[in-house]
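> Take a look at the following structure, please.
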Amino acid sequence: MTPAPVSDPGRDELGLVLTGLTLAGMIVAAASAYGDISAQVTAFGLTLVYIFGGLPSAARALHSLWFDLVLDIDLLMVVAAVAAAAVGATFEGAVLLTLFSLSGTLENQAMGKARRAVEALMALRPETALLRRDGTVAEVPVASLAAGDVVVIRPGSRMPVDGTILSGEGAINESTVTGESVPVVKGPGSSVFEATVNLDGVLDLRVDRSASESTVARMIQLVTQAQAAKAPSERFSSWFGQRYTAAVLAGSVIAFGVFLWLGWPQQDALYRAATLLVAASPCAIVISVPAAILSALSAAARGGVLFKGGAALETLGAVRSFAFDKTGTLTTGQAEVTGIVSLTGSEDTFLALIAGIEAQSEHHIASAIRRLIDRRGLTPASVTGVTAIPSEGIVGTDDIGPLWAGNRRLAARMGAALDDPGLLRLADGDQTVIYMGRGRQVLGAVAVADQTRASSHAGILALRKSGIRQIAMMTGDRRPVALRIGSALGLRDDEIHADLLPEDKVVLIADLAAGGKVAYVGDGVNDAAALARADVGIAMGAAGSDVALQAADVALLSENMERLAAAHLLAKRTGRIIRQNLVFAMGAMLVLVAGSLFFNLPLPLAVVGHEGGTVLVVLNGLRLLFDPIRSDRA
Ligand code: ADP
Ligand code: MG
């Protein structure tokens, strides 16, 4: 019942061996007892059980009593088994120890699953990479790579870092990071993740992040946090378990006293007290919640949805409305420049300048512009002192003076008029328009079109199907774009909110929160406040900004909205299973306690009822493990 400490696989294996020996002893004892072999063989089997099933529990019980001053369930079980043996019910005591050892091992296996998923991921991180420098290629440790280095990736090898393909094309299996088993073909300009497998291409990769900051490194960190953050019901059951354990021990001692006082023979009184102890032990209650939550967390992680803890999982299951950011969340990060208006010089000088100011921005608009000038073979102008203004744009200075690039709102703030016919025509469409200017003078504008993610529509439909009534899209982009994307996704006009500043998103979420718990899904710096305000913040994993990932409770590494809907269903199912388990466990306990107090319930029945119930709730929780959240099941 005491979970093995994080990252101690040896202890898991020891547990398996001990349980195996206990089980073997039990089988020998049972077979010889029923097969009428010899009493010595039975005694041998029982001894095995008491040693391998009982001593470890006794050791754990004494450990927590001595060091943490905690009376835990191990202690109850050991006391019950000893009491049983004392009244001659050695066999029943052995059954109790065997089943207890079995349920503990089952639980540990479940807990270990989630942990091992991450450890497996760590093992997949390559240790060396082929660095291309000054025309030569050398093998270097991955830890020594810095952003900007170029590494060569051979077919069949794993990516040593998060990076961008400079040349070459290949099919890439990203299942380690996103859970998606179908390979994706990627070419120049595409980003790849550390630990994914390059199946067939020869690639030159530019290192985007050092190994310690890679997506996988962040995942590992997330999951480690997840193990520390307990869900409320988990906290409740361990809190309850501890107090209850003390109460049961005290109750059994008192019952023993009362039975004696009633004038029962000592043997009978002890037998009944032991039965009560077994019947009333809260094993099933304590174990039911973590078994379910850990199984669900691990199933979700395999599908590319990482929860920062059981609490986030529980809250997601109770969510009533979902709000989505548009750019980079419902739409792909791969926006394209679709129109250019240059009011002063040539188109190329204009593009070089706007690329210069956007050079360091993480916004999807900026990467669209960078990709365009890469294709045209232009060099970005040098712009310094660049500052982003979330949801508006960006400002900086070149050798002539201050520059800005951004939306209408920013232009208005700069006092720039947008009445040039070329600009008006560009703004007539339903694309995002970015203006650039110096003070009041507008230098030109580009139109950028983003496309809905393939999974967005299906994801939203699935959410509606699973009972989410309120779905909202919240964007800092202008209304025509918002309407185009929103209606393609089947959103009603009143569900589409455009021209928002980061703080407006927070206000809208507070409005939604009046109708129940709210989840917010976003990717950008401008989403951080909304992610933090929502009951569950969900960040787009790999392409999302670090700020968003930090503010969020859940990371959507697969970036697949159907997976998100499936994770929501999984969270709901988890809640249901926890409730089932708790009701069942409490009910079974009440029946057993009543039986032992008033109906002379025999000890063997109490043992089987109690431990059988514990095994049942663990198995019920473990069902979630086999509930992979795949898009085809959303
Ligand atoms: P969303 O909320 O849909 O993710 P944002 O709030 O990030 O959108 O952006 C809102 C608008 O702000 C964009 O449509 C764009 O007009 C402007 N903007 C934001 N960042 C930049 C940038 N780096 N360069 C130019 N314009 C920007
Ligand atoms: Mg965004």
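> Considering only region 352-383, state which residues are in contact (Cβ under 8 Å) with a residue 40 or more places away in the chain, within 15 Å of Asp398 (Cβ to Cβ) and of a type outside the set (Gly, Ala, Ser).
Once the filter is applied, which keeps residues that are in contact (Cβ under 8 Å) with a residue 40 or more places away in the chain, within 15 Å of Asp398 (Cβ to Cβ) and of a type outside the set (Gly, Ala, Ser), region 352-383 yields Leu353, Ile354, Ile357, Glu358.
> Any idea which residue in region 510-528 is least open to solvent (accessible area, probe 1.4 Å), counting only those that are modelled with pLDDT under 85 and of a type in the set (A, V, I, L, M, F, W, C)?
Ala528
> Could you say whether any residue in region 591-612 is over 25 Å from Gly88 (Cα atoms), in contact with a helix residue (DSSP H, G or I) (Cβ under 9 Å, 6 or more places away or on another chain), surrounded by 16 or more Cβ atoms within 10 Å (Cβ to Cβ) and not small (Gly, Ala, Ser)?
So far as region 591-612 goes, no, none of its residues is over 25 Å from Gly88 (Cα atoms), in contact with a helix residue (DSSP H, G or I) (Cβ under 9 Å, 6 or more places away or on another chain), surrounded by 16 or more Cβ atoms within 10 Å (Cβ to Cβ) and not small (Gly, Ala, Ser).
> Pick from region 240-295 the residues that are open to solvent by 30 Å² or more (accessible area, probe 1.4 Å) and not in a helix (DSSP H, G or I): which of them is modelled with the lowest pLDDT?
Out of the qualifying residues, it is Trp264.
> Looking at this structure, is Val161 within 24 Å of the chain's Cα centre (by Cα), outside any strand (DSSP E or B), within 29 Å of Ser298 (Cα to Cα) and touching a residue at least 24 places away in the same chain (Cβ under 8 Å)? I'd like the intermediate steps shown before the answer.
On the way: within 24 Å of the chain's Cα centre (by Cα): yes; outside any strand (DSSP E or B): yes; within 29 Å of Ser298 (Cα to Cα): yes; touching a residue at least 24 places away in the same chain (Cβ under 8 Å): yes.
When the stated conditions are applied, Val161 passes them.
> If Arg302 meets every condition in (1) more than 16 Å from ligand 1 (Cβ to nearest atom); (2) of a type in the set (Lys, Arg); (3) open to solvent by less than 10 Å² (accessible area, probe 1.4 Å) apart from one, which number is that one?
Every condition holds for Arg302 apart from (3).
> Identify the residue in region 384-405 that is in a strand (DSSP E or B) and among the aliphatic types (A, V, I, L, M) and, among all such residues, is farthest from ligand 1 (Cβ to nearest atom).
Of region 384-405, the ones in a strand (DSSP E or B) are 384-389, 393-397, 402-405.
Filter again for among the aliphatic types (A, V, I, L, M), leaving 386, 388-389, 394-395, 403, 405.
Working: Val386: 9, Ala388: 6, Ile389: 8, Ile394: 4, Val395: 10, Leu403: 12, Ala405: 5 Å.
Filtering region 384-405 for residues that are in a strand (DSSP E or B) and among the aliphatic types (A, V, I, L, M), the one farthest from ligand 1 (Cβ to nearest atom) comes out as Leu403.
> Open to solvent by less than 10 Å² (accessible area, probe 1.4 Å), within 16 Å of ligand 2 (Cβ to nearest atom) and in contact with a Leu (Cβ under 6 Å, 6 or more places away or on another chain) - does that describe any residue in region 324-339?
Step one: filter region 324-339 for residues open to solvent by less than 10 Å² (accessible area, probe 1.4 Å), giving 324-326, 328-331, 335.
After this cut, where a residue has to be within 16 Å of ligand 2 (Cβ to nearest atom) as well, the list is 324-326, 328-331, 335.
Going one step further and asking which of them are in contact with a Leu (Cβ under 6 Å, 6 or more places away or on another chain), we end up with 324.
Yes: one or more hits.
> Turning to a different aspect of this structure: Across region 320-331, what is the number of residues that are within 16 Å of ligand 1 (Cβ to nearest atom) and out of contact with any Asp or Glu (no Cβ under 7 Å at 6 or more places or on another chain)?
If we filter region 320-331 for residues that are within 16 Å of ligand 1 (Cβ to nearest atom), which is where we start, we get 322-331.
After this cut, where a residue has to be out of contact with any Asp or Glu (no Cβ under 7 Å at 6 or more places or on another chain) as well, the list is 322-324, 330.
Of the residues in region 320-331, 4 are within 16 Å of ligand 1 (Cβ to nearest atom) and out of contact with any Asp or Glu (no Cβ under 7 Å at 6 or more places or on another chain).
> Can you find a residue that is under 14 Å from Leu443 (Cα atoms) and within 14 Å of ligand 1 (Cβ to nearest atom) anywhere in region 357-377? I'd like the intermediate steps shown before the answer.
Taking region 357-377 as the starting set, the residues that turn out to be under 14 Å from Leu443 (Cα atoms) are 357.
The next check asks that each one be within 14 Å of ligand 1 (Cβ to nearest atom); those that pass are 357.
For region 357-377, residues under 14 Å from Leu443 (Cα atoms) and within 14 Å of ligand 1 (Cβ to nearest atom): present.
> Give just the number: which of (1) away from ligand 2 (no atom under 16 Å from the Cβ); (2) assigned to a helix (DSSP H, G or I) does Ala368 not satisfy?
Going through (1) away from ligand 2 (no atom under 16 Å from the Cβ); (2) assigned to a helix (DSSP H, G or I) one by one, Ala368 breaks only (1).
> May I pose another question? Here are the criteria: (1) open to solvent by less than 10 Å² (accessible area, probe 1.4 Å); (2) outside any strand (DSSP E or B); (3) modelled with pLDDT of 90 or more; (4) near ligand 1 (Cβ under 10 Å from one of its atoms). Tell me which single one Leu351 does not satisfy.
(4) is the only condition that Leu351 fails.
> Given (1) within 40 Å of the chain's Cα centre (by Cα); (2) open to solvent by 40 Å² or more (accessible area, probe 1.4 Å), where does Leu343 come up short, assuming only one miss?
(1)
> Further, regarding this structure: Here are the criteria: (1) assigned to a loop (DSSP other than H, G, I, E, B); (2) within 16 Å of ligand 2 (Cβ to nearest atom). Tell me which single one Leu378 does not satisfy.
It fails just one condition, (2).
> Among the numbered conditions (1) at pLDDT 85 or above; (2) away from ligand 2 (no atom under 16 Å from the Cβ); (3) not in a helix (DSSP H, G or I), tell me where Gln360 comes up short.
Only one criterion is unmet by Gln360, namely (1).
> Is there a residue being in a helix (DSSP H, G or I) and closer than 17 Å to Ala519 by Cα anywhere in region 584-592? Outline the logic, then answer.
The first filter runs over region 584-592 and keeps only residues in a helix (DSSP H, G or I), leaving 584-592.
Still in the list and also closer than 17 Å to Ala519 by Cα: none.
The answer is no; no qualifying residue exists.
The values are calculated or read from the model by the stated rules, or taken from the named source; none is laboratory data. Keep in mind that this is a model prediction, so the values were computed, not measured. When we count neighbours, we look across all protein chains shown, and the Cβ atoms used for this are built from the backbone with ideal geometry, even at glycine. Remember, those area values only see protein heavy atoms, side chains included, never the ligands or the DNA or RNA. Shrake-Rupley method; radii C 1.70, N 1.55, O 1.52, S 1.80 Å.
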